[in-house]
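Q: First the structure, which I've put down as structure tokens, then a few questions once you've had a look.
The values are calculated or read from the model by the stated rules, or taken from the named source; none is laboratory data. Just so we're clear, the structure is a prediction, and the values are computed from it rather than from any experiment. Here the Cβ is made from the backbone with ideal geometry for all residues, glycine too, and neighbour counts use every protein chain on show.
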Amino acid sequence: MYIHEIIMACYIFCFAGIAAGLTCGVLSHLHRKTEVNKAVVVFLIGLMVICFYDMGLYYCNYVVALFSCMEVMRIGNSLIAITMFLWLRLQKQILDREAIHSLDKMVGGYMLAYAAAWLLISFVVPMGQLCTIKWIFLAGDAVLVISFLASSVAHIIYASVSDVKKSVSYMTVTTAMLVWNYFSYFWGGASACWGNGQFVREPLDLTILFWMIISVLTASFVYHNCFKPTFAASPPDAAPPDDASPPEAASPLETVSPPGAGVPLQTVLTDFEKRLSEVADRYNLTRREREVTELICQGKSNKDIAEILFLSESTVKTHIYNIFRKLEVKNRIEAIRIVSGD
């Protein structure tokens, strides 16, 4: 009896989860500009867009019966493809896995091309002709789902045997929810061609449940893996100095605070970022090594770095060892001096 009110309440709850995740993600990114923070913020923005689209479509079609524009309904395929693309991008940044970047690039390119083509077709091809050729696009839909699953499953498998095992459940559930939502859009679009309005509505009503699950999981992920490590990490002097040699050859290291006392904060940060980029280019540091170097200069301990980048401490030690080898230094103080230009 109150099905419409319940579904609209679910949308509001979903937006609350997305807003919470965005708040944590933006604050984390402002404090520490990492690729993971950036990717999760972009994913949440995409999630908010498609949820607004879903809510508007549901409200206008089924609550107030304001309109039933099939062109508007058909762009859902494009939006879900873009959301899946943003999800793969976030997974890639979580893992920082070089071996599957080629697969991600190929799958991501296909998804963007699919979204653009479907968006163009939705507004150019009349509804009658689209229904006639609908099944020609079935092959493209199949390739989209198979390629998305191949890339996402590869991420999940790697996460399960690497240092980001705590992200496996989040990645698995979100991938499953996105695949279900894609089939809902495809099912609804095909049903519209068959002229069965009830058949269209039922699967689309369920999408909010899965968007709600994704929003809550993502908000929790952002809080525990981005916001909390950034703002609740223990201060450097609260833990003993960490070693920076490989796990089998550990040695204590000093931690120091970044230079710039007495200088305006914005000037210090700008100069520091510029010097760090120059050092990274000169010594051929990888993106992850650059992030670790930045955290070293901020006086973070190995434990803090592991929490912020959601890596194991042994992996952090290995990155630090490689950084020291490239910079030809023996400890953190010498590495900081190179970055500061002393």
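Q: Collect the residues in the range 140-163 that are in contact (Cβ under 8 Å) with a residue 60 or more places away in the chain, of a type in the set (A, V, I, L, M, F, W, C) and within 18 Å of residue 315 (Cα to Cα), keeping them in residue-number order.
A: 159
Q: Another one. Name the pairs whose Cβ atoms lie under 8 Å apart, with the first residue in the range 22-33 and hydroxyl-bearing (Ser, Thr, Tyr), the second surrounded by fewer than 17 Cβ atoms within 10 Å (Cβ to Cβ), and 6 or more positions between them or separate chains?
A: Taking only residues 6 or more apart or on different chains, the pairs are 28/231.
Q: What is the one condition in (1) under 13 Å from residue 272 (Cα atoms); (2) at pLDDT 85 or above; (3) not charged (D, E, K, R) that residue 341 does not satisfy?
A: The one condition residue 341 does not meet is (2).
Q: Considering only the range 1-119, give the helices (runs of 4 or more DSSP H) lying wholly within it that have at least 1 residues that are at pLDDT 90 or above and out of contact with any strand residue (DSSP E or B) (no Cβ under 7 Å at 6 or more places or on another chain).
A: Fully inside the range 1-119 and qualifying: 3-31, 35-58, 76-95.
Q: Given the criteria surrounded by 17 or more Cβ atoms within 10 Å (Cβ to Cβ) and not assigned by TED's automatic domain parsing to the domain that holds residue 32, does residue 307 qualify?
A: It is true that residue 307 is surrounded by 17 or more Cβ atoms within 10 Å (Cβ to Cβ) and not assigned by TED's automatic domain parsing to the domain that holds residue 32.
Q: For the range 173-213, which residues satisfy the criterion of being assigned to a loop (DSSP other than H, G, I, E, B) and at pLDDT 70 or above?
A: Matches in the range 173-213: 206 only.
Q: Within the bounds of the range 164-172, is there any residue that is polar (S, T, N, Q), part of a helix (DSSP H, G or I), on the phi < 0 side of the Ramachandran plot and at pLDDT below 65?
A: no
Q: Which condition number does residue 256 fail, the rest of (1) touching a Gly at 6+ places or on another chain (Cβ under 8 Å); (2) modelled with pLDDT of 50 or more; (3) among the aliphatic types (A, V, I, L, M) being met?
A: (2)
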